[in-house]
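Computed from the coordinates by the stated procedures, all read-outs in this text should not be read as laboratory data. It should be emphasised that the depicted structure is a prediction, and the values quoted were computed from it without experimental measurement. No Cβ is skipped: glycine too gets one built from the backbone with ideal geometry, and neighbour counts run over all protein chains shown.
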Amino acid sequence: MVYVPPSFEPTVPDAVASGQVDKVPVIVVGAGPIGLSMALDLGLRGHNVLVLDKGTQLSDGSRAICYAKRPLEIMDRLGFAAPMLEKGVSWNIGRVFFKDTPDPVYSFDLLPVKDQKFPGMINIQQYYNEEFNIAELEKLDNVELRWGNAVTNVDNRDDGVTATVETDAGTYTLEADWLIACDGAHSPVRKMLEMGFEGETFRDNFLIADVKFKHERPTERHFWFDPPFNPGQSVLLHKQPDDVWRIDFQVGWDIDREEIVKPENVTPRIQAMFGDDIEFEYEWISVYTFNCRQVEHMLNGRVVFAGDSAHLVSPFGARGANTGFQDVDNLGWKLDLVIKGLAGDGLMKSYDDERSHAARINILNSTRSTDFITPKSKVSSLFRDAVLELAHDVECARGFVNSGRLSMPVPYPDSALNTPDRDDWTGGVCPGTNSVDAPVIHDGAEGWFIDHLGWSFTVVVFADEDGISPEMRKHLQAFLQSDVASKVLVISDQQDPEFETLSDCKGLLAERLGAVAGTAYLFRPDQYVAGRWQQAVSARDLIAARDRALGIVEEAA
């Protein structure tokens with residue numbers, strides 16, 4: 001049975017008839033995975049959020065199907081990673097094949113560092129992501145979803161935003177302090193503000209077929225260059241829940257986009273790949289063209305861009321939705337503190353700086369992948385094929401194989417929010433980098449370090465065998481005297497009488513953070529490192545680093 005995404009009744013607010021202009025703190029435009037998660041993040045922080053979407057149905061087809069470890073950690077904080085994992089297909093291994101050789105020329109492991117809570121990647125159709133997200137949103141009284149509400153005009157001012165919204169019954173006007181545009185690759189909001197979307201369109205097309213059938217294959221990512229069932233082109237295969245397989249066929253530039261998606265024209269491709277006797281049904285067929293594009297600024301007055309409205313990458317590497325979830329993670333805590341008056345304008349500017357940097361890195365990696373998958377010259381094609389020929393037996397050639405460098409969180413080494421190291425560290429996690437995970441024990445129960453970082457600024461202190469010193473305790477107590485939500489975690493085998501304590505049961509947390517007794521880390525609310533000290537951190541150090549991460553001071557003291 002083919003899945004049919006749920007649909008929703010269009011919302012017609014009273015303002016259509018009354019002409020009243022309602023005021024809301026935050027408008028989110030777009031009810032895809034990124035817009036929904038943005039609303040959920042801010043809603044869980046206590047803010048009133050209105051989500052507007054011109055459609056009335058969840059996504060059809062698989063669309064964004066690959067969700068990496070870091071976005072899964074973000075979804076876990078938001079409350080819907082568990083059903084994603086339960087329904088999704090987990091995998092860590094990818095294999096690359098060339099021509100008709102049955103053995104892979106190259107294999108990789110997305111999670112070489114084991115003992116972490118989440119796998120390297122799961123596959124699950126986008127509509128399930130949206131369903132699970134909406135289930136969490138429906139638990140909140142301070143978030144409203146309005147389906148069939150299209151934003152048709154945006155007046156962006158220094159002190160807020162005025163939006164005109166169109167429904168089937170007429171239009172109405174909203175006033176908001178902030179508007180977050182999560183309205184996709186063709187973002188109407190971006191066009192209304194006449195913002196450029198610079199980049200490149202690659203002259204190639206890929207045909208997607210979501211095919212439902214029972215087929216025994218490993219739960220892995222398989223990519224073929226120049227296979228006999230699609231000669232001269234490439235093919236990507238992913239397993240999804242419900243016995244659905246996602247197949248991406250490279251089909252070239254000069255195609256008839258209407259003819260190529262007809263089932264009678266897709267079926268021969270499926271049969272060439274799996275055999276003439278295979279029985280299957282289609283769930284979704286589509287065709288797409290690579291784009292790598294980016295807005296100049298993700299922050300424009302009181303309008304903020306996130307997800308595909310801000311940046312586009314080619315789909316090989318799963319950098320689209322995964323990057324969007326990291327936009328949400330970066331923006332949520334910053335906008336929260338700005339709305340509460342606890343941070344300055346520099347904090348919102350840092351969203352633009354950090355996530356624009358991440359978009360540039362993702363576009364760079366995506367472009368390199370695209371150039372390898374679809375070489376643009378005879379020389380490039382000869383180079384690619386030579387690499388693939390050598391990769392099976394020559395280890396140094398494998399690093400050049402590029403079927404899509406898969407999504408990894410981008411560090412912000414030059415962020416204005418970082419407090420530079422004052423010690424000469426060669427290991428651990430540098431400022432501007434997201435946290436590692438490791439197994440810990442809390443109150444006698446096994447768990448994961450990542451779960452204890454939470455939503456606040458968090459100081460993590462590694463105690464010696466006698467616990468933390470009285471002097472350090474005073475520093476930590478002084479750090480906690482703030483209106484900004486902050487917490488302390490003590491890493492020790494003995495319970496601290498005052499602070500939450502975690503036992504580094506396998507020694508992996510200290511190893512991964514490069515920590516010794518007396519080491520301290522300050523994590524931001526998005527679990528990125530704001531500052532770290534190998535020894536002798538003071539309250540003044542911690543407070544200055546937090547202030548710097550709040551964007552309210554230029555230099556840490």
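Given their separation in residues at 0.36 nm each and the Cα-Cα distance between them, T289 and A416 gain 42.1 nm when the chain is fully extended. Once the Cβ-Cβ distance between S380 and E500 is put in as r, and R0 is 60 Å, what FRET efficiency do you end up with, to the nearest 0.05? About 0.65, to the nearest 0.05. Estimated at 0.36 nm per residue, the fully extended path between R257 and Q271 surpasses their Cα-Cα distance by 3.0 nm. Across the stretch 164-176, rounded Karplus estimates of 3J(HN,Hα) from the backbone phi angles (6.51 cos²θ - 1.76 cosθ + 1.60, θ = phi - 60°) give 9, 10, 10, 10, 5, 9, x, 9, 8, 10, 10, 10, 9 Hz, Gly and Pro being marked x. Backbone N atoms of the stretch 501-517 closer than 14 Å to the 7 Å Cα→Cβ label point of T433 belong to residues 510-515. When the C-alpha to C-alpha distance is required to be over 20 Å, the pairs from K262/K378; K54/K191; K69/K349 that qualify are K262/K378; K69/K349.
The string of couplings for the stretch 324-331 from the Karplus curve (6.51, -1.76, 1.60, θ = phi - 60°) is x, 4, 6, 4, 4, 4, 6, 7 Hz, one whole number per residue in order, with x for Gly and Pro. The calculated FRET efficiency for E200 paired with D466, based on their beta-carbon distance and R0 = 51 Å, is about 0.30. For the stretch 128-135, what does the Karplus curve 6.51 cos²θ - 1.76 cosθ + 1.60, with θ = phi - 60°, yield as ³J(HN,Hα) per residue in whole Hz, taken in order and with x for Gly and Pro? Values per residue, Gly and Pro as x: 5, 4, 5, 4, 5, 5, 5, 4 Hz.
Along the Cα-to-C-beta direction of E446, a point sits 7 Å from the Cα; which residues of the stretch 479-512 have their amide N less than 12 Å from that point? It comes to 505-506, nothing else. Within the stretch 439-549, what percent of beta bridges assigned by DSSP are antiparallel, to the nearest 5? For the stretch 439-549, the DSSP antiparallel bridge percentage is about 60. Dividing the summed helix terms, -39500 (n - 2.57) for each DSSP H run of n ≥ 4, by the number of residues in the chain produces a 222 nm estimate of -8500 deg cm²/dmol to the nearest 500. When you count the other C-beta atoms within 10 angstrom of each residue and take the mean per peptide, 298-311, 418-431 line up highest first as 298-311, 418-431. Counted over the chain, the DSSP beta bridges are approximately 70% antiparallel. With Cα extents along the principal axes in Å in mind, check (1) 75, 70, 43; (2) 74, 68, 53; (3) 70, 57, 55 and report the label derived from this structure. Correct label, based on the coordinates given: (1). Please list log₁₀ I(q)/I(0) at q = 0.09 Å⁻¹ for the stretch 67-221, using the Debye equation with identical point scatterers on the alpha-carbon positions. Relative scattering, expressed as log10 I(q)/I(0), comes to -0.52. For the stretch 237-251 versus the stretch 270-332, the inter-centroid distance based on Cα atoms is 15 Å.
Reducing the stretch 164-204 and the stretch 477-491 to their Cα centroids gives an inter-centroid distance of 40 Å. Across all Cα atoms of the stretch 451-523, the radius of gyration (one decimal) and Dmax (whole number) stand at 11.7, 35 Å.
Ordering P188, F118, N153 by the projection of their Cα atoms onto the charge dipole of the stretch 113-196, which places +1 on the Cβ of Lys and Arg and -1 on the Cβ of Asp and Glu, puts F118 at the extreme positive end. Ranked by the mean number of other Cβ atoms within 10 Å of their residues, highest first, the peptides 17-24, 200-207 fall in the order 200-207, 17-24.
Evaluated on the stretch 368-471, the Kirkwood hydrodynamic radius is 18.9 Å, with distances taken between all distinct Cα atoms.
Over 21 Å apart at the Cα level, from the set K114/K212; K340/K474; K117/K212; K87/K117, are K114/K212; K340/K474; K117/K212.
Protection proxy ranking for 216-223, 545-552, using the average of other Cβ atoms within 10 Å per residue and placing the highest first: 545-552, 216-223.
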